[in-house]
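What follows is a single structure, written as structure tokens, with notes after it.
The values are calculated or read from the model by the stated rules, or taken from the named source; none is laboratory data. Model, not experiment: these values are computed from the prediction. Here the Cβ positions follow ideal geometry from the backbone for every residue, glycine too, while neighbour counts run over all protein chains shown. Protein only, heavy atoms only, side chains kept; ligands, DNA and RNA dropped before computing areas. Shrake-Rupley method; radii C 1.70, N 1.55, O 1.52, S 1.80 Å.
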Amino acid sequence: AGAILTSSQIRCLPLIRPVRVLLGDGATGLASLTFTLELIFFGMVLMYILNEARVIRNKGVVYLKNFWNQLEFINLLLFLIVMILRALSLGYIGAVYDSFADDTTYLDLDWVMYFAKVVENFNAFNAVLTFLKLFKFVRENRRMSQLVDTVQLAASDMTSILVIILVIASGYGIAFHIAFGHAVREYRDFAESLFTLFLATLGDFDLDELRSYNQVLGAFLFVTFIVVMFFVVISMFLAIVDSAYESVRETLLESASEAESIDPLTRDVLRVVTAPSVVGDKIYRLFVGNPEAAGPSEEEVARRKALEAKKAAEEAALAAQTPEAQERAAALKREHDFKGLYDEAMGKIEKLQEVQDKLQRTLNLISDNITVAEKEEEEGG
């Protein structure tokens, strides 16, 4: 005896919308904007592909030895496949566009729908790769690179633990499938058993269903899996990550204690943040004017030239003297410079004192006026 179970699947995808934009056949403004941005994005991807192809041609196989280059290569390759599939789909839809209005014409859209789903899946996976590439650039900043440094430091130990996890999960997955696969839907095959056990480590499990079928074996397999996997293996995994992160933190603190120049990433971010104020200042100077842009006056130029000539003469005279005389002259010059700075500071202090006296006289005058006004008010009352 046998049976046939029929099934159907409905997929809704915007296949005609881009063609309507290209043909100008009733496309909405949002659809036109979306398709335009898509074309701009694909153009940027093509530029990146050409740039990476040039780099690969120069470096050869060495290019693929770097992890970030491998990630870049996979990312751009998937984008290239997406663009090709997208072009094929749009080309076919454009060729049969007029046939959509004819109810008597059969259009084979199965492969077009399949390509569209492949494009969506590739784009979803590529979204993760694209954002992972951000860590390639933030590594210039020590604090932002902690995640990548931690993973790199713990990679070898984490690989060993992952192999152990795979072995244990495979063993228990087969055991659960053999014991409960014919009775419990969640363990109907090996893949579903692994997925169900993964959910069990996160706290999503149904122990009562296992015990209702086999009270002893169900409880034994489940409890031993949780103890071995969650309390032992996962704890080892987290300990390895924690140890690697502590090492990265110590290295970061040691490097932060040393005098270092600002990293390129921070410098670029600061440049972007301060760009509005810089542009505003330039606009202000453009319309209001910059007093300093006119340059110094003729008197100022003459005074600077005289000072430069005097300094050059003093240096020439100092060079012609003996070392002892040069040392005495240098000491006198330092004393003279210090005296000049002292006199300049005292002059500024005197000016501040004058300003303070003027302010005090103004305050006294205001106080006297207030007193007179109060007396007049009292006499008038």
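Summarising the label geometry, the points placed 7 Å from Cα in the beta-carbon direction at ASN214 and SER170 lie 2.2 nm from one another. Taken one residue at a time, the phi angles of the stretch 78-92 give Karplus couplings (6.51, -1.76, 1.60, θ = phi - 60°) of 5, 5, 5, 4, 4, 5, 5, 5, 5, 5, 4, 5, 5, x, 5 Hz. Gly and Pro are set to x. So for the stretch 95-197, Kirkwood radius off the Cα pairs, Stokes-Einstein at 20 °C and 1.002 mPa s: how many µm² s⁻¹? This corresponds to a translational diffusion coefficient of 113 µm²/s.
Would you mind computing, in nm to one decimal, how far apart the modelled labels at TYR48 and THR36 are, each placed 7 Å from Cα along Cα→Cβ? Each label point is offset 7 Å from its Cα along the Cβ direction, giving 2.3 nm. A simple charge model with +1 on the Cβ of Lys and Arg, -1 on the Cβ of Asp and Glu and nothing else charged puts the dipole of the stretch 100-173 at about 760 debye relative to its Cα centre. Solvent-accessible area of the chain (1.4 angstrom probe, protein heavy atoms only): carbon and sulfur portion equals 63 percent. Per-residue ellipticity at 222 nm computed for the chain from its helices equals -26500 deg cm²/dmol, with DSSP H segments shorter than 4 residues left out and the rest contributing -39,500 (n - 2.57). A 1.4 Å probe run over the chain, with the rest of the protein chains in place, finds 74 Å² accessible per residue. Summarising the overall dimensions of the stretch 19-61 from its C-alpha atoms, the Rg and Dmax are 16.3, 50 angstrom. Each of TRP68, TRP111 has its accessible area taken with a 1.4 Å probe; listed largest first, they run TRP111, TRP68. Evaluating 6.51 cos²θ - 1.76 cosθ + 1.60 at θ = phi - 60° for every residue in the stretch 270-283, the Karplus couplings come out as 5, 5, 5, 5, 8, 4, x, 5, 5, 5, x, 5, 5, 5 Hz, glycine and proline recorded as x. Taking each of LYS348/LYS375; LYS282/LYS351; LYS59/LYS133; LYS305/LYS333; LYS311/LYS348 in turn, the alpha-carbon distance tops 30 angstrom for LYS348/LYS375; LYS282/LYS351. By the gyration tensor of its Cα atoms, with a ≥ b ≥ c the square roots of the eigenvalues, what is the shape of the stretch 1-133: rounded for a/c under 1.5, prolate for a/b over b/c, or oblate? Oblate. Shape analysis of the chain based on the Cα gyration tensor places the equivalent ellipsoid semi-axes at 73, 38, 32 Å, largest first. With contacts taken as Cα pairs under 8 Å at a separation of at least 6 residues, the stretch 1-108 carries a relative contact order of 29 percent.
Counting only protein heavy atoms and using a 1.4 Å probe, the accessible area of LEU341 comes to about 110 Å². Can you grab the distance from the C-alpha centre of the stretch 64-89 to the C-alpha centre of the stretch 154-232, Å, no decimals? Rounded to whole Å, the Cα centres lie 36 Å apart. Note that the stretch 113-130 has calculated 3J(HN,Hα) couplings of 5, 5, 4, 5, 5, 4, 4, 5, 5, 5, 5, 5, 5, 5, 4, 5, 4, 4 Hz, one per residue in order, obtained from phi through the Karplus relation 6.51 cos²θ - 1.76 cosθ + 1.60 (θ = phi - 60°); glycine and proline are x.
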